[in-house]
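Below is one structure, written out as structure tokens; the observations come after it.
All of the numbers you see were taken from the coordinates with simple rules; none came from a lab. On a predicted model such as this, the values are computed, not experimentally measured, just so you know. In this analysis, Cβ positions are derived from the backbone assuming ideal geometry, glycine residues included, and neighbour counts consider all displayed protein chains.
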Amino acid sequence: MIEWTDDAIVLSARPHGEGAAILQLLTRRHGRHAGLVRGGASRRMRGVLQPGNAVVAHWRARLAEHLGACTVELVQNRWAQWFDDPERLAGLDAICAVSEASLPEREPLEPVHEAATAFLDHLDAELWPVLYVRWEIGLLGALGYGLDLSSCAVTGETDELVYVSPRSGRAVSRRGGEPYRDKLLPLPAFLLGKRAPTHADFLDGLELTGQLLRRHVLNPANRDLPPARLRLVDRIRDSSTISMHSDTDQEVT
């Protein structure tokens, strides 16, 4: 018998058979992991198995390759906390859906779990959208597709970095990117620490990380960005409640 206990974030739970649920977790030490929760479709357990909730999971199976049985103990009900906040709930749903779609199964990636936990624990921050973009950048890095924003990929200069190459993930300057600008992605200035983010910056940041996730992680596996991630963009684009600074001279702290 193989078994373990680990801290985890609920990514999704889908009904299975008569009253059970197949649970997808982002665990601290065991990566993205699935398990069968008996009684997981019950009214009591549905509240526990909502995306974003922090749980302690106990998994056991006769062989490592089996789906395994899983029991969970609720630690923090984040989903209920943000149920009445559509924008933040969209951020919570998106981080769970992107984790499930992007992460390899059962490959330990503790920094991704820690960063996701930090994001979910700071959803009350005014600039939570910035934290989300930075989480996706960290996810790309953990999967081997990190950004290099230190200098221009074309000229080597470090001034006026305004684009990112979707192929290499490297920054490109205004001068170096001029001949290719239709093929490059905008680089939000807040990622360089040059000014506080605007609402448009966050949308540019989501476009940047979304395109890189598609190109390097999802499309090679015949997947696309999950619907929850697309809904996050729509929520932010239409939002009148997210406050973003517009003072271009303000430094990010």
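For Thr155, the residues 5 or more places off, or on other chains, whose built amide H falls under 5 Å of its own are Ser173.
Here each label is just a point 7 Å from Cα along the line to Cβ, and for Asp121 and Glu178 those points are 4.8 nm apart.
Of the options [x] 34.7, 117; [y] 19.6, 62; [z] 16.9, 49, only one is Rg and Dmax of the Cα atoms in Å as computed from these coordinates, and that is [y]. Across segment 2-79, the relative contact order, built from alpha-carbon pairs under 8 Å that are at least six residues apart, equals 33 percent. According to the square roots a ≥ b ≥ c of the eigenvalues of the Cα gyration tensor, what is the shape class of segment 57-108, taking rounded for a/c under 1.5, prolate for a/b larger than b/c otherwise, and oblate for the remainder? Oblate. Classified by the C-alpha gyration tensor, segment 2-79 has an oblate form. Its axis ratio a/c, with a ≥ b ≥ c, is 1.5 or above, and a/b does not exceed b/c.
On the beta carbon distance between Val75 and Glu18, with R0 = 25 Å, the FRET formula returns roughly 0.35.
The modelled label-to-label distance for the pair Ser42/Thr155, using points 7 Å beyond Cα in the direction of Cβ, is 6.6 nm. By the beta-carbon count within 10 Å of each Cβ, the least crowded to most crowded order of Phe202, Phe119, fewest first, is Phe119, Phe202. What the phi angles of segment 224-229 give under the Karplus curve with 6.51, -1.76 and 1.60, with θ = phi - 60°, is a coupling list of 10, 4, x, x, 5, 5 Hz, glycine and proline written as x. Annotation: for a label point projected 7 angstrom from Cα along Cα→Cβ of Arg62, residues of segment 1-31 with backbone N closer than 18 Å are 1-4. Only one residue of Gly210, Thr155, Pro197 has its Cα farthest out toward the positive end of the dipole of segment 151-211, where Lys and Arg carry +1 and Asp and Glu -1 on Cβ, and that residue is Thr155. Projecting the Cα atoms of Tyr132, Ile236, Leu143 onto the charge dipole of the chain (Cβ charges, centred on the Cα centre) puts Leu143 farthest toward the positive pole.
Length available on full extension from Asp234 to Arg215: 0.36 nm per residue minus the Cα-Cα distance, which gives 4.7 nm. The fewest-to-most ranking of Trp82, Trp4 by surrounding Cβ atoms within 10 Å reads Trp4, Trp82.
Annotation: the residues Asp234, Asp6, sorted from fewest to most other C-beta atoms within 10 Å of their own C-beta, follow the order Asp234, Asp6. Axis of helix 128-142 versus longest Cα principal axis of the chain: the two differ by about 80°, to the nearest ten degrees.
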